[in-house]
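Asks: Dumping the structure here so I can ask a few things about it.
All of the numbers you see were taken from the coordinates with simple rules; none came from a lab. These figures come from a predicted structure and were not determined experimentally. Here the Cβ positions follow ideal geometry from the backbone for every residue, glycine too, while neighbour counts run over all protein chains shown.
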Amino acid sequence: MALIRLAYASEATFKALPLEKGVEPHVAQILMTSRKNNPRKGLVGGLYYEDNRFFQYLEGEKQALYQLYDKIEGDDRHKNVKILIDEPLDERSFVNWSMKHMLTTEDFVGFLREHNLDEFDPHAFDRSTCESMIELIRESSHVDKPVS
Ligand SMILES: Cc1cc2nc3c(=O)[nH]c(=O)nc-3n(C[C@H](O)[C@H](O)[C@H](O)COP(=O)(O)O)c2cc1C
């Protein structure tokens, strides 16, 4: 079974609503769907949303992941979907996370500072910034709720 990892950046098309329990309601809906679907397909990963932009990282079996990516790419809740990483993977690293959602914290502000970034603009991420972002989400304990 061939595993792959994929990261992309996109821009939300919806107007952000006030947070509910710390999460933007459109994003909460996306997380609910992801957490329902991903475990059945053996997909894991993380999502970050800020300034109306998304960064999502996914790991899983190639066919299942590309099938999902096709759906995601056509989702009208976002646009300008740009793949940042798409490559083979040895083993899943987001164990126990069907879709981890990192909340904005000082850790994230530190990440921007460390990479000399004025704002969250994942479309402009180079390879190393991308890997740092994935690491940040993987290690983050600032999450809404753990779902396996
Ligand atoms: C930024 C973003 C990330 C998404 N991530 C996932 C995901 O990880 N898993 C998933 O099943 N759907 C995800 N979706 C939703 C899909 O585009 C699609 O609406 C959903 O898979 C359809 O599920 P359903 O057939 O159960 O209704 C995402 C959508 C957006 C806009």
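Asks: With the chain treated as a Gaussian network of Cα nodes joined by springs under 10 Å, which of 49, 69, 57 yields the largest mean-square fluctuation?
Replies: Ranking 49, 69, 57 by mean-square fluctuation puts 69 first.
Asks: In nm, to one decimal, how far is the residue 1 label point from the residue 106 one, both placed 7 Å along Cα→Cβ?
Replies: For the pair residue 1/residue 106, the computed spacing is 4.1 nm.
Asks: Given H placed 1.01 Å from N in the peptide plane, which residues other than close sequence neighbours of residue 16 have an amide H under 5 Å from its amide H?
Replies: none
Asks: Would you kindly state how much longer the chain becomes between residue 132 and residue 62 on full extension, computed as 0.36 nm times their sequence separation minus their alpha carbon distance, in nm to one decimal?
Replies: 22.9 nm
Asks: Taking the chain as a Gaussian network, Cα atoms linked when under 10 Å apart, which of 14, 54, 125 shows the biggest mean-square fluctuation?
Replies: Its mean-square fluctuation being the largest, the pick is 14.
Asks: Among 42, 60, 74, determine the one that fluctuates most according to a GNM of the chain built with springs between C-alpha atoms less than 10 Å apart.
Replies: Of 42, 60, 74, the most mobile in the Gaussian network model is 74.
Asks: Report the FRET efficiency, 1/(1 + (r/R0)^6), for residue 95 and residue 11, where r is their Cβ-Cβ distance and R0 is 41 Å, rounded to 0.05.
Replies: Once the sixth-power term is evaluated, E becomes 0.85.
Asks: Turning to a different aspect of this structure: Under a plain spin-label model, where a point goes 7 Å from the Cα along Cα-to-Cβ, how far apart in nm are residue 83 and residue 142?
Replies: Label-label distance for residue 83 and residue 142, simple model: 3.1 nm.
Asks: Let me ask something else. Taking only the C-alpha atoms, wrap a convex hull around the stretch 1-62 and report its volume per residue in Å³ as a whole number.
Replies: 81
Asks: Restricting to DSSP loop positions (anything but H, G, I, E, B) with no more than 12 other Cβ atoms inside 10 Å of their own Cβ, which trypsin sites (Lys or Arg not before Pro) remain in the stretch 18-82?
Replies: The qualifying sites are 21.
Asks: Determine the distance separating the Cα centre of the stretch 50-129 from the Cα centre of the stretch 21-36; give it in Å without decimals.
Replies: The two parts, judged by their Cα centres, are 15 Å apart.
Asks: Quick one: what Rg and Dmax do you get for the chain from the alpha carbons, in Å?
Replies: When restricted to Cα atoms, the chain yields Rg and Dmax of 14.2, 42 Å.
Asks: Let me ask another. Taking the Cβ-Cβ separation of residue 118 and residue 70 as r and a Förster radius of 41 Å, what is the calculated FRET efficiency to the nearest 0.05?
Replies: With R0 = 41 Å, the Cβ-Cβ based efficiency is 0.80.
Asks: Rounded to the nearest 5, what % of the DSSP beta bridges within the chain are antiparallel ones?
Replies: 95
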